[in-house]
Each structure stands twice: as C-alpha cells, then as structure tokens.
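Asks: Quick one: the structure is below, questions incoming.
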Amino acid sequence: SKKRNMNEKKEYPTAAKLRSWLPAIYDADAITCITAQPAAESTEMSDTVSRLILMIGTKLGFFHGNPAQYAELIELMSFPVRKTAHITEYLVFYCTVRFGLHFTYQPLNMKRRLLTALAIVFLYACTDEFHQLFVPGRAGRFTDVLIDCFGCAVVTLICTIKKSSSQR
C-alpha cells in the first residue's frame with residue numbers, strides 16, 4: 001500500500017462534509033436568536049451576568065458588602081460584559097466555521113482556511129448587525145462587527161505566525 005503524502009488532503013464523504021457544518025449553522029442560529037432580543041432583554045441578561053460575577057467575587061473576597069448594593073458597579077460592568085460576550089460567541093462561531101472548512105475546503109493551505117474562516121465570520125457579523133437595525137432598541141454598528149471579529153483576528157494572526165515559524 002502506498003503511503004499518503006502529508007500534503008495530500010483526505011477526501012471525506014459528502015454526508016460527513018455536510019455534517020461538519022452543523023455546529024457552525026447551529027452557532028449562527030444561536031447568535032441570531034440572541035441578537036433578536038429587544039435591547040431591554042439583552043441588557044437584563046448582561047446585568048444578570050454582572051450580578052453573578054459580583055456574587056462570585058464577593059464569595060471569593062474580591063468585593064465586600066452585599067451584591068444587591070452594587071447597582072453602580074453593575075452598570076459599569078455592563079459594557080465589558082456585553083463586549084466580552086460578543087468576542088466569545090464569535091470566537092466559538094469562528095472555531096465551528098474552521099471545523100467545517102477543514103472537512104470541505106479542498107486546498108490544505110492552513111493560512112487560506114484561517115483567512116476564509118475570518119472572512120465568513122466578518123460577513124456574518126455584518127449581516128447580524130444589519131439584522132439588529134430591525135430589532136426594537138437595537139442598532140447596527142460597524143464597531144460591533146470589529147469587536148465581534150477581534151478575537152477571531154487575534155487567533156488567525158497567532159495561528160499564521162505559529163505556522164510560519166514552524167515552517168522555518
């Protein structure tokens with residue numbers, strides 16, 4: 001039997017290729033459902049996360065007093081909590097897109113797969129922000145697209161640098 005060349009791409013059955021995209025489709029749907037919530041519901045969800053962080057921080061001794069008294073701190077935490085959620089949900093989406101590309105993208109060039117995944121995430125973030133223009137209390141902002149893609153861009157850069165340095 002002939003040894004497989006390391007640069008040769010394994011050909012997966014069509015059903016496996018299609019199934020490999022299910023996580024990305026599920027994640028894209030989850031993002032759309034979350035961002036379809038009116039602003040008031042979204043704010044309440046973020047505030048709940050902030051209260052949970054404060055409660056855990058109080059139990060660990062980082063904060064003193066009753067978390068119910070931290071209304072000002074919860075408001076202050078709202079922006080970083082929300083934007084961290086954006087970065088995290090889109091980073092998960094990026095990983096699921098990379099998974100799908102691994103099984104379906106013909107060239108084995110990792111850099112091309114990384115950049116393709118980043119482009120798909122960027123385009124999806126743009127469509128999501130457009131969708132938010134029609135959600136009560138929400139606004140579509142290009143700065144949110146950049147925040148959504150920030151973590152993905154960092155991972156792409158790290159992987160590209162790591163791949164380049166390992167080829168030397």
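The values are calculated or read from the model by the stated rules, or taken from the named source; none is laboratory data. Since the structure is predicted, the reported quantities are computational estimates derived from the model, not experimental observations. Cβ coordinates were reconstructed from backbone atoms using ideal geometry, including for glycine residues, and neighbour counts include every protein chain displayed. Just so you know, the surface numbers come from the protein's heavy atoms only, side chains and all, with ligands and any DNA or RNA stripped out. Shrake-Rupley method; radii C 1.70, N 1.55, O 1.52, S 1.80 Å.
Asks: How long is the gain from Thr32 to Tyr12 if the chain were fully straight, where each residue apart is worth 0.36 nm and the alpha carbon distance is subtracted?
Replies: Gain in length upon complete extension: 4.2 nm.
Asks: Shifting gears a bit: How high is the relative contact order of the chain, in percent, with contacts defined as C-alpha pairs under 8 Å that are six or more residues apart?
Replies: Answer for the chain is 29 percent.
Asks: Round to the nearest 10 and give me the degree value, 0 to 90, for the angle of helix 22-35's Cα axis relative to the longest principal axis of the chain.
Replies: Tilt relative to the chain: about 20 degrees.
Asks: Could I ask something else about it? Using alpha carbons only, how many degrees (0 to 90, rounded to 10) separate the axis of helix 71-104 from the longest principal axis of the chain?
Replies: Value to nearest ten degrees: 10.
Asks: Could you calculate the FRET efficiency of Val135 with Ser78 from 1/(1 + (r/R0)^6), where r is the beta carbon distance between them and R0 is 22 Å, rounded to 0.05?
Replies: About 0.75, to the nearest 0.05.
Asks: To continue, here is another question. Mind checking the per residue accessible area of the chain for me, 1.4 Å probe, whole number of Å²?
Replies: 65
Asks: Could you compute the FRET efficiency for Val154 and Gln69, with r as their C-beta to C-beta distance and R0 at 25 Å, rounded to 0.05?
Replies: 0.10
Asks: Around Asp148, what is the net charge, scoring Lys/Arg as +1 and Asp/Glu as -1 over all other residues with Cβ under 12 Å from its Cβ?
Replies: Value of the local net charge: -1.
Asks: Once you sort the root eigenvalues of the Cα gyration tensor of the chain as a ≥ b ≥ c, which label holds: rounded (a/c under 1.5), prolate (a/b larger than b/c) or oblate (the other case)?
Replies: Verdict is prolate for the chain.
Asks: Can you give me the angle between helix 39-59 and the longest principal axis of the chain, using Cα atoms only, in degrees from 0 to 90, rounded to the nearest 10?
Replies: With rounding to tens, the tilt is 80 degrees.
Asks: First select every other residue whose beta carbon is under 11 angstrom from the beta carbon of Pro38; then total the charges, Lys and Arg +1, Asp and Glu -1.
Replies: Residues close to Pro38 contribute a combined charge of -1.
Asks: Let me ask something else about it. Which percent of the accessible area of the chain is formed by carbon and sulfur heavy atoms (probe 1.4 angstrom)?
Replies: It is 67 percent, rounded to a whole number.
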